[in-house]
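**Student:** Can you keep this structure in mind? I'll have questions shortly.
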Amino acid sequence: MAESRIIHGFHAVTARIRQNADSVLEIFVDTQRRDPRARDLLKLAESNGLRIIQVDGKRLDGMAGSTRHQGVAARVDAAMKVQHLDDVLDTLTEPALLLVLDGVQDPHNLGACLRSADAFGVHAVIAPKDRAVGINATVEKVACGAAQTVPYITVTNLARTLRELKERDIWVIGTDGEADTNLYDVQHQGAVAWVLGAEGEGMRRLTKETCDQLVRIPMLGSVESLNVSVSTGVCLYEARRQRVAK
C-alpha cells in the first residue's frame with residue numbers, strides 16, 4: 001500500500017484532483033455538507049473515478065488535526081516526484097525568477113509564500129531540508145493549490161546552492177532590514193533569486209554572506225518589519241513589475 005498523508009480544505013483537495021488525480025486515494029466529505037461547493041467537489045471527484053467516503057465532522061477533525069478542514073479531506077499518495085533544480089532551470093524560456101526561503105518554519109507563512117510565488121510566476125521555490133516546515137496539509141490548504149503548481153525544491157546545503165545559482169549567472173538578492181540599498185532602487189529584470197529569511201531571525205549568516213546584494217523594504221510606518229510572507233509578496237511583485245515594464 002502506498003505511503004499516504006492527509007490534505008484538507010476545498011482549495012487543496014480540488015487542486016490535487018485537477019492537477020494529479022491519480023495521486024488521490026480517497027476523499028472524505030462531511031455528511032452535513034450538501035451545499036453547492038460540496039456538490040461541485042463531489043462531481044469533480046466522480047468524474048475522475050475517485051472513491052468518496054461520507055464521514056461525520058468529528059472524524060474529519062481527527063484526520064485533519066483541527067476543525068479548519070471545511071468539511072473535506074483527502075488521503076493522497078505521499079510519494080512526491082523528485083524535482084531537481086537543474087530540471088527547472090534547463091527548460092526555462094525566460095530569465096529565471098526564483099524564491100529562496102531560508103528556514104521558514106510556520107506552515108501558514110510557507111503556504112502564503114507559495115501562493116505569492118504562483119501569482120507572480122516564480123519558476124521554483126528553494127528551501128533547506130533542515131530547519132524548515134516542508135509541505136504538509138496546512139501548507140497545502142493555505143497555498144490554495146499553489147503547492148501543486150510551483151516546484152518546491154529542498155536542498156541539503158543552501159549556501160552551496162546559492163553559489164551554484166551564481167555560476168549560472170543568476171543574481172542572488174537577499175532581504176535585510178539593515179541593508180543600505182532600497183528595494184525600489186534595484187534594477188533586476190534579468191535572472192534573479194530572491195532570498196528571504198525565517199520569521200524573526202532572518203537569513204542565517206552564511207546565507208547572507210553568499211548573496212550578491214542585500215536590499216531592504218522601505219518602511220514608512222511605526223512597525224520595524226513585515227511578516228515573511230508579506231515581504232515575499234512585495235519583492236516578487238516588484239520583480240514582476242520591472243519585467244513587465246521592460
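**Student:** Can you say whether residue 41 is surrounded by 11 or more Cβ atoms within 10 Å (Cβ to Cβ) and over 26 Å from residue 159 (Cβ atoms), as far as the supplied structure shows?
**Tutor:** For residue 41, the condition - surrounded by 11 or more Cβ atoms within 10 Å (Cβ to Cβ) and over 26 Å from residue 159 (Cβ atoms) - is met.
**Student:** In addition: What is the residue count in the stretch 142-160 for residues that are crowded, with 22+ Cβ neighbours inside 10 Å, part of a helix (DSSP H, G or I) and modelled with pLDDT of 85 or more?
**Tutor:** Selection size over the stretch 142-160: 3.
**Student:** Regarding residue 200, is this residue free of Cβ contacts under 8 Å to residues at least 12 places away in the same chain and closer than 16 Å to residue 104 by Cβ?
**Tutor:** yes
**Student:** Determine whether residue 173 is modelled with pLDDT under 95, assigned to a strand (DSSP E or B) and of a type in the set (A, V, I, L, M).
**Tutor:** no
**Student:** Looking for whichever is surrounded by 16 or more Cβ atoms within 10 Å (Cβ to Cβ), within 30 Å of residue 65 (Cα to Cα) and not polar (S, T, N, Q) here; the options are 198, 191. Which one fits?
**Tutor:** 198
**Student:** I need a count of the residues in the stretch 201-220 that are in a loop (DSSP other than H, G, I, E, B) and exposed (fewer than 12 other Cβ atoms within 10 Å of the Cβ).
**Tutor:** Total meeting the criteria: 4.
**Student:** If you check residue 126 against the conditions, is it in a strand (DSSP E or B) and within 30 Å of residue 74 (Cβ to Cβ)?
**Tutor:** Numbers: in a strand (DSSP E or B): yes; within 30 Å of residue 74 (Cβ to Cβ): yes.
So residue 126 fits the description; yes.
**Student:** Sort out for me the strands (runs of 3 or more DSSP E) sitting completely within the stretch 1-113 that have 1 or more residues that are more than 30 Å from residue 162 (Cα to Cα).
**Tutor:** Per the criteria, 4-8, 24-30, 52-55, 72-77.
The values are calculated or read from the model by the stated rules, or taken from the named source; none is laboratory data. Bear in mind that the values here come from a model prediction, so they are computed numbers and not experimental data. Every residue, glycine as well, gets a Cβ built from its backbone with ideal geometry; the counts of neighbours run over all protein chains shown.
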